[in-house]
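To keep things clear, I will list the structure first and then write my remarks on it.
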Amino acid sequence: MKGALFFLLTVLPLGVAACGGGGADPASDGPGDGTQGSSIQITPGRAVLSTGNRQTFKAEGAGGDPAVRWDLQEGEAGGSIAPDGNYTAPAAPGVYHIVAVNLADPSDHATAEVEVVKSPVVSVAVEPAVLTLPPEGSRLFTATVSSSDQTAVTWSVVEGEIGGSVDPQGHYTAPATPGTYHVVATSAADPTKQAEATVRVLPLEKTAPRFAYTVNSFSNDVSIFSIDPATGAPAQIGAIAAGREPYTVTVDPMGRFVYVGNFGSNDISMYAIDGTTGLLNPLGTVQTGAGPYSIRVDPSGRFVYMANENSSTDVWIYQLHPEGGALTPIGSVEAGISPISLAVDPLGGFVYVANNSSDDLSIFSVDAATGNLSPIGAQAAGRAPNAVAVHPSGRFVYAANYGSGDVWSYRVDPS
């Protein structure tokens, strides 16, 4: 069963206590014209998708790939689009419009047209669609092929060997030379259908995090730090109020928003990050279950998950609105007893939850279109697992067990 865990071994005794889409129309898959005079072009400029299918869109400019905000002209009726340009078509057929807005100049925008039909159309989407790596860094890409029983793809790099390498499984290794490169997934069922990811390879000092955030449950606030790019040393530059007893903090993949789970007030404090200073601007709060203890954003930046320890068994699911960062609750799912830690695999396909009182891990698959979770099963852990983490490759999972003072490791079943 895909996503299932197999126990490998018990390691690392601990001595520290812790507190409780559819493919493009082959006749028109070039850049979109967009708004007259715009510096942005969207690729593909026009696409035909089956209802519910996905397509990766890319914004390009004369000076490279600009930073953009993705919108839908028809709003939620037109489907949904993630911050990285991965679009999901709505259930209703029709003609819809995707808009890329230049973040440096909001008056500069371009539009692509999407025709959504009921009949099957082979489609390709790739994740992540936008990625930043250091020289010779690596990442696993995944491709989704819809409306075909043949889901295989061939991987390639547009720039050839100078742009790095990608193996048949989608493992990409960046070149030593900084630059912007493009990884392509082409459908084996219909080679005219493909999706393209943009990889920015930056010098190591430019890929290092610039800011860090910690929560303080005694003072009920969030500390803000800048990070020295040469040494990695943090320096506190500010603080901002949170709710009561903030226990957990996370940042969205695009580095635009911070979310803090407040254990004592049963809510999430939401903040926007000032991209220049790293300081936080409050966006309000949203309710959680009882005792929110662990919060994570999925890699697409579209969904947020919260494990609520004192709700006994539940994990809450939220939609992240990319235009402003607000969260909307969209559902919940039962885990084990006292879910205390949560992790999302790097490709966003699975969620793992450590259950402190039932001594196990709950495993869920993620619906890429809705963010909803479906239970796959549970795997035994040590006594009182307090934390769970996923290896960057997505192939291994680790659980730290507070009660038995050890760490268990698991292999993820790739089949």
Discussion item. Rg and Dmax in Å for the stretch 31-121, alpha carbons only: what are they?
Written reply: 12.5, 39
Practice prompt. Please give the contour-minus-distance gain from Ile337 to Ser312: 0.36 nm per residue of separation, less the Cα-Cα distance, rounded to one decimal in nm.
Written response: 8.5 nm
Worksheet item: Once the dipole of the stretch 245-305 is set up with Lys and Arg at +1 and Asp and Glu at -1 on Cβ about the Cα centre, which of Ser300, Tyr259, Leu279 lies farthest towards its positive end?
Response: Ser300
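Can you compute the charge dipole magnitude of the stretch 123-202 about its Cα centre, using +1 on each Lys and Arg Cβ and -1 on each Asp and Glu Cβ, nothing else charged? Give it in debye, rounded to the nearest 20.
160
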Worksheet, complete the sentence: At the level of C-alpha centres, the distance separating the stretch 243-302 and the stretch 125-141, in angstrom, is 25
Practice prompt. At 0.36 nm per residue, minus the direct Cα-Cα distance, what do Ser217 and Arg244 gain on full extension? Give it in nm, one decimal, please.
Written response: 9.0 nm
Practice prompt. Report Rg/Rh for the stretch 123-202, rounded to two decimals, where Rg is the Cα radius of gyration and Rh the Kirkwood radius.
Written response: 0.98
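Fewest to most neighbouring Cβ within 10 Å: what's the order for Lys118, Lys193?
Lowest count first: Lys118, Lys193.
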Item to complete: Treating only the Cβ atoms of Lys and Arg (+1) and Asp and Glu (-1) as charged, compute the dipole magnitude of the chain about its Cα centre; round to the nearest 20 debye.
Response: 580
Worksheet item: Once both labels are modelled 7 Å past Cα along the beta-carbon direction, what's the Ala91-Ala389 spacing in nm?
Response: 4.1
Item to complete: With N set to the residue count of the chain, report its C-alpha Rg divided by 2.2 N^0.38 Å to two decimal places.
Response: 0.99
Worksheet entry | Inter-label distance, nm, simple model (7 Å from Cα along the C-beta direction), Ala369/Phe396 | 3.6
Worksheet entry | Approximate spin-label separation Thr177-Ser107, in nm, with each point projected 7 Å along Cα-to-Cβ | 3.8
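Quick note: the coordinates plus some simple rules give every number you see, no bench work behind them. Because the structure is a prediction, the values reported are computed rather than measured. When we count neighbours, we look across all protein chains shown, and the Cβ atoms used for this are built from the backbone with ideal geometry, even at glycine.
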